[in-house]
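In what follows, a single structure is set out as structure tokens and then discussed.
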Amino acid sequence: MAYDGFAVAATVKELNDELLMGSISKVAQPEKDELLLSIKSNRQTKRLMISADPSLPMLRLREENEISIAQAPSFCMSLRKHIGGGRIVRIYQAGRDLAKEGLERIVVFEIEHLDELGDLSRKRLSCELMGKYSNIILIREDGSIIDSIKHVGVLTSSVREVLPGRQYFIPDANKKADPFKLSEAGCDEFMRRLRKSNDRLSRAIYMSITGFSPVMAEELCFRAGVDSDRSTFELSDEELMKLHRSLAVLMQPVKQGAFEPNIIYCGDEAKEFSALPLLHMEGAGWHRESHDSMSEVIGLYYEEREKQGRIRQRSEDIRHILRSLTERCAKKLELQEKQYADAEGLEKYRIYGELINTYGYSLKGGERELKCSNYYDGDREIVIPLDSRLSAKDNAKRYFDRYQKMKRTMTALSVQIEESKRLLWHLDSIAQALSMAETEADLSAIRQEMKDFGYISGGHGEKKQKKVREERSEPLHFVSSDGIDIYVGRNNYQNEELSFRLSDPDDWWFHAKGMPGSHVIARTGKRELPDRTCLEAAALAAWYSKAGSEDKVEVDYVRRRELRRVPGAAPGYVIYHTNYSIMIEPRSAI
């Protein structure tokens, strides 16, 4: 997550536009690590949320209100006393010094208010958004701490105490450089700092320059065209100069306040958010969504991540069962295929038996082997092992019996191998559906399918089947560039329904070749399939398959009438004998 100095800088610009010179009308503390300030500005009331939660530190404007804790905590009471009704006269991003601006993940509000004697006074509210070190601290004009949302004593931190009465300062354990000064100065200081670190380049950047996260360090390397995994000692002066020039270019929009808040998705999953475009996170399966404000980006990102985390948490039991079943089935299939390979030498036992019957008259009894010509192999000499206790006839019978037994074994194994392959395909297809699940209805349909096939406990019958039809979610729906409806099944039940109930025989069906994935239907009816629609539907079929993360995927497509169900197979398992194929780059959207 790129919640770095650049994202904070974009937030500060937005807050200055919206809240500067506004008055604080209400202070609430909905959670133990969270504040909600109501601020009247330009005849409107705006809400500012400040969170010091270690896993979700953030600062953003929001529309909705929240219910506060019934009894206000002491920090909330301190804020009401000292800044309630105060006017925000300055909002800035701190540097290594509280009074100076920089690119630290610290937002400072300077607030004017009347103290107990009616005199005009100023306080600072420092919002430190630094992961597990996040805090919200109220500070006097002389720099002493009034109170904080988290108290940090000497037993918790040897670097800095955050307690009432202590002097406030910003720790600088790594002595990081100011990127504004570094980009404006000559290249010598930049080169000296990076080479001093003796580390991998991207790590050296974010460990030695203020405001940089690992993601932004990778972005700087990408823009400069320098490998981020190389050691700083390996880099030439020319490469370091390219990095310095790229740093100057990267800092220009920050200086000008020309931010481009955006969320970066890999498929449907929100992976990062940033105040600037992340060019190194573009390509197959990746796309960027731009938004008007940093607050909107932060709110949407955390909402998406929370939803993804909630669905993943609630589906963990299914994932565990699927992993166990898949591992067991894969081992079983491996054993069956090994047994089948061992049994493929059965023909030699039939030949042994026939050769013993042909040349056995020369045996007198008690021999351990028979040397004879093999008329099945150009009369080459062959040596056949014998049981010295048996007659020639019994030795031949022993080989014929072994041949028949292995033949029966191969027949049974071929059926078992096919069943194991279908079971493995079914488990993989459920895992693929699970990766697409976005709602409780999606999970409910997957659970029901697993119950119906006995993977988890649950009954069968008409009543259960009816419940599945009622609760399952809708297929994904897209409209192609040619205006043709394209539908993508989210699970096997939807795949079955899309292919055999909702589509017409003349519609086109797309599927990644030879692997579990979604059925994709292009509703063309009797019209010709336009080339653009074909490419778009194939790209969706590639994305919503087991190979969705690969650069190129082979996709088969046929008229829907060519599909055939397999009796007794899982829903969505089909066969076809005539098809077209295309190699396509997976894409999650049209």
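Going by Cα centres, the stretch 394-410 and the stretch 248-318 are how many Å apart?
Taking the Cα centre of each part, the stretch 394-410 and the stretch 248-318 sit 66 Å apart.
On average over all directions, what projected area in square nanometres does the stretch 474-584 have, based on the convex hull of its Cα atoms?
6.3
Could you tell me how far the Cα centroid of the stretch 540-590 sits from the Cα centroid of the stretch 477-523, in Å?
The stretch 477-523 and the stretch 540-590 have Cα centres spaced 9 Å from each other.
Against the longest principal axis of the chain, how steep is helix 531-543, in degrees 0 to 90 to the nearest 10, with axes from Cα atoms?
The helix 531-543 is inclined about 90 degrees to the chain.
Tell me what the chain gives for mean residue ellipticity at 222 nm when only DSSP H runs of n ≥ 4 count, each as -39,500 (n - 2.57), the sum divided by the residue total, rounded to 500 deg cm²/dmol.
-13000 deg cm²/dmol
So what are the ³J(HN,Hα) numbers for the stretch 428-438, from phi and the Karplus equation (6.51, -1.76, 1.60; θ = phi - 60°), rounded to whole Hz, Gly and Pro as x?
Going residue by residue, I get 5, 5, 5, 4, 5, 4, 5, 5, 9, 5, 10 Hz, with x marking Gly and Pro.
Among I298, I311, I139, which comes first, then next, by fewest other beta-carbon atoms within 10 Å?
The fewest-first ordering by Cβ neighbours comes to I311, I139, I298.
For the chain, with only Lys/Arg (+1) and Asp/Glu (-1) charged at the beta-carbon, what is the dipole magnitude about the Cα centre, in debye rounded to 20?
So the magnitude is around 1660 debye.
Any idea what the dipole of the stretch 160-274 comes to, in debye rounded to 20, about its Cα centre with Lys/Arg Cβ at +1 and Asp/Glu Cβ at -1?
The calculation lands at about 500 debye.
Report, in degrees rounded to the nearest 10, the 0 to 90 angle that the Cα long axis of helix 187-197 makes with the longest principal axis of the chain.
Relative to the chain, helix 187-197 is tipped by roughly 60 degrees.
How many nm is it between the label spots at E101 and K181, if each spot is 7 Å from the Cα in line with the beta carbon?
1.6
Quick one: if the Förster radius is 22 Å, what FRET efficiency do Q404 and K338 give, using the C-beta to C-beta distance and rounding to 0.05?
It comes out at approximately 0.55.
Quote to one decimal, in nm, the extra length available between M77 and Q313 on full extension: 0.36 nm per residue of separation minus the C-alpha distance between them.
Gain on extension, M77 to Q313, equals 81.3 nm.
Of H477, A10, S208, which is farthest along the charge dipole of the chain in the positive direction, counting Lys and Arg as +1 and Asp and Glu as -1 at C-beta?
The residue sitting most towards the positive pole is H477.
Where a number appears in this text, it was derived from the coordinates with a stated rule and is not lab data. This is a predicted model, so every value here is computed, not measured. As a convention, Cβ positions derive from the backbone with ideal geometry for all residues, glycine included, and neighbour counts pool all protein chains shown.
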